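The values are calculated or read from the model by the stated rules, or taken from the named source; none is laboratory data. Treat the numbers as computed from the prediction; the structure is a model and nothing was measured. Cβ placement follows ideal geometry from the backbone for every residue including glycine, while neighbour counts extend to all protein chains displayed. Heads up: the accessible areas ignore ligands, DNA and RNA and are worked out on the full protein's heavy atoms, side chains in. Shrake-Rupley method; radii C 1.70, N 1.55, O 1.52, S 1.80 Å.
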Amino acid sequence: MTILTIVWIALSFFVGFVIYLLPPLSRYLALAIALFSGSYALINFGQSSPLTLQLLDNFGVSLLVDQLSSFFILTNALVTAAVIFYCWNTGKKAFFYAQLIILHGSMNAIFICADFMSVYVALEVIGIASFLLVAYPRTNKSIWVALRYLFVSNVAMLFYLIGTILVYQANHSFSFAGFTNAPPEAIALIIVGLLGKGGVFVSGLWLPLTHSESETPVSAILSGVVVKAGIFPLVRCALMFEEVDSIIRIFGVASALLGVIYAILEQDTKRMLALSTISQLGFILAAPEVGGFYALTHGLVKSSLFLIAGNLPSRQFKELQYKPIYTPLWIALVAASFSISGFPLLSGFGAKVLTMKSLLGWQVIVMNIAALGTAIAFAKFIFLPQGGEKTTKYGFWSAMAILLGGLVVANGVYYEAYTPENVIKPLVTIGLAWPIYFFLIKPIILRLPRMLEQFDHLIGVMSLMLVSLFWMVLA
Amino acid sequence: MKIIAMDVMSTGVIAYYVLIASKDGAFTPILSQLTGDVDPIAYADPVPQAVILTAIVIGFSIQALMLVGVMKLAQDNPTLETHAIEKNYTP
């Protein structure tokens, strides 16, 4: 198992560079890596005890593979495979696949890392790889979006780096285990770095523009897994320490609510999906114990929604009302929207039930409102007309098969959820949400100010978050 | 301009790492035959120095990448004012 882990983690980087040397094989190599990761995650689910590795002495890299990592790795593998299928016939160069696989490998690295320094290195690799993917079309606009992303994430990582050395100073080790021994400013710095990178709450407002303006497959992978790379260390720390857990939960709830309010009022499909990512990340953080499963379902559903949205005839909801959608595409869209709203028979339901169960007392009401808001936001997709002309390609459908098939299969993970009261609750939520959508949301057009999304404010808000987090840790 | 500012920030972080690693009167952490009354553990801590090397390399590569991006942008926006660029490229 140890050897398998090391081979697996090294292989994706190795193959990433090999793709450059063998461009004709790029697609096959990339797909093989994604499948390998998927099978590794499945093997891992079978392991009863978590695997810990300490490479190179006391100061070296420490790895920890458990159920939580398996969920994230599986998400990563499925989304990457789907994106590769989607791009199969689009004539992307080997460069694209090489970056994709390096991104995939560094995300796997994060999901098994157990010390701050390796997480830092992997996060920076992710930043660079996703910069290159976003900038792949090389238009001015995409370069600007990518620059903005890299700048924000690098500043966040600098904060994180300062926190890391403070942890080291207190413990003489970088491992997660010494997190709470560190002074409060270290905890605040590390959390603000990860929140910024992961796109949570106000420090995550760089996310809508980046995710909505990138190419369709890139935004699928960004929204499906890359943001979870920032979330994962937070979930790990929250599970290990009580005091961190309470802070993370507060941010989870706040983020869920903020994201959903923006999402309900948004008129653009891709922006709405990106904003709903912010809110779904909140759901993951609000209940860290079951975050893994929620992350899996969200990763699958969000990347399929992004791939579908890229194939819709228009990006504005207003225009989509009058343009019928090709019927099979419409079915896929509705299935994905149902899953994210928590409708039974799809795994979004199981994940929502699990999350709601592990909430603390004060969280329940707010999170139920956020779930209602999610259902309202996705009612926009469900009530679109169908019956249009065929717009999709073959690769799109194999990607959909992986993602939506994964959603149905993942349903089996938590089949105990199917009790009468559990089934009724989401139905009531959806039943409430649709009338609200029809009578309140649909007629009004309210443009929320995007001031906070401006470049300067993103950095400013990050510093404000740092100060407030510092007081929260002290309190 | 902002990229330069970011570079200054990362230099600050690097300097902080070195500060934590160093102590007054500490030796460079190289194994050698010391003679006399030197305390055998009076070395500067090598670990932060080692890891910050990684961070320096990463920071440098990010600088390079961003500057390439900015050069490309500069062809159409010679003044490189972020406000103007932002207005042009946000929907």
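First check a/c for region A:352-402, with a ≥ b ≥ c the square roots of the eigenvalues of its C-alpha gyration tensor; if it is under 1.5, answer rounded, and if not, answer prolate when a/b is larger than b/c or oblate otherwise. It is oblate, given that a/c is not under 1.5 and a/b is not larger than b/c.
Across chain A, Cα pairs under 8 Å and at least six residues apart give a relative contact order of 16 percent.
Pairs with C-alpha atoms separated by more than 32 Å, drawn from the list A:LYS352/B:LYS87; A:LYS141/A:LYS357; A:LYS380/B:LYS72; A:LYS318/A:LYS390; A:LYS93/A:LYS380; A:LYS270/A:LYS352, are A:LYS352/B:LYS87; A:LYS141/A:LYS357; A:LYS380/B:LYS72; A:LYS93/A:LYS380. Looking at region A:129-193, the trypsin sites (Lys or Arg not before Pro) that sit in a DSSP loop and have at most 11 other Cβ atoms within 10 Å of their own Cβ are A:ARG138. Across region A:1-141, the relative contact order, built from alpha-carbon pairs under 8 Å that are at least six residues apart, equals 29 percent. Taking the Cα centre of chain A as origin and assigning +1 to Lys and Arg Cβ atoms and -1 to Asp and Glu Cβ atoms, the resulting dipole is close to 1460 debye. For A:CYS113, the residues whose modelled amide H falls within less than 5 Å of its own, excluding neighbours fewer than 5 places apart on the same chain, are A:LEU64. A 1.4 Å probe, protein heavy atoms only, puts the accessible area of A:HIS457 near 70 Å². With semi-axes defined as the square roots of five times the eigenvalues of the C-alpha gyration tensor, the equivalent ellipsoid of chain A measures 31, 26, 22 Å, largest first.
Return the carbon/sulfur percentage of the accessible area of chain A, one whole number, probe 1.4 Å, all protein chains in place.
Here it works out to 71 percent.
Averaged over the residues of peptide B:73-86, the number of Cβ atoms from other protein chains lying within 10 Å of each residue's Cβ is 2.
Across peptide A:173-185, the mean count of Cβ atoms from other chains lying within 10 Å of each residue's own Cβ comes to 0.
Probing with 1.4 Å while keeping every protein chain in the model, the per residue accessible area of chain A equals 34 Å². Starting from the Cα gyration tensor of region A:39-128, take the square roots of the eigenvalues, sort them a ≥ b ≥ c, and report rounded, prolate or oblate (rounded when a/c is under 1.5, otherwise prolate if a/b is larger than b/c, else oblate). It is oblate, given that a/c is not under 1.5 and a/b is not larger than b/c. Between the alpha-carbon centres of region B:60-91 and region A:15-47 there is a gap of 34 Å. Protection proxy ranking for A:307-316, A:271-280, A:22-31, using the average of other Cβ atoms within 10 Å per residue and placing the highest first: A:271-280, A:307-316, A:22-31.
For the residues A:TRP397, A:TRP88, A:TRP8, a 1.4 Å probe over the protein chains yields an accessible-area ranking, largest first, of A:TRP397, A:TRP88, A:TRP8.
For chain A, the share of DSSP beta bridges that are antiparallel, to the nearest 5, is 90%. Computed per residue of chain A from DSSP H runs no shorter than four, each worth -39500 (n - 2.57), the mean residue ellipticity at 222 nm is -24000 deg cm²/dmol.
When peptides A:243-250, A:330-337 are sorted by average Cβ neighbour count within 10 Å, with the highest value leading, the order is A:330-337, A:243-250. The mean count of C-beta atoms from other chains within 10 Å of the C-beta of residues in A:149-157, rounded to a whole number, is 4. Sorting the segments A:73-86, A:283-296 by their residues' average number of neighbouring beta-carbon atoms within 10 angstrom, most packed first, yields A:73-86, A:283-296.
In terms of accessible area, using a 1.4 Å probe and ignoring ligands and nucleic acids, A:SER173, A:SER347 rank largest first as A:SER173, A:SER347.
Take the Cβ-Cβ distance between A:GLU243 and A:THR139 as r, set R0 to 35 Å, and report the resulting FRET efficiency rounded to the nearest 0.05. E between A:GLU243 and A:THR139, to the nearest 0.05, is 0.15.
Sum up the charges of everything whose Cβ sits under 14 Å from the Cβ of A:THR180, counting Lys and Arg as +1 and Asp and Glu as -1, but leave A:THR180 out. Net of charged neighbours comes to -3. Note on surface exposure: B:THR90, A:THR429 rank B:THR90, A:THR429 by accessible area, highest first, 1.4 Å probe.
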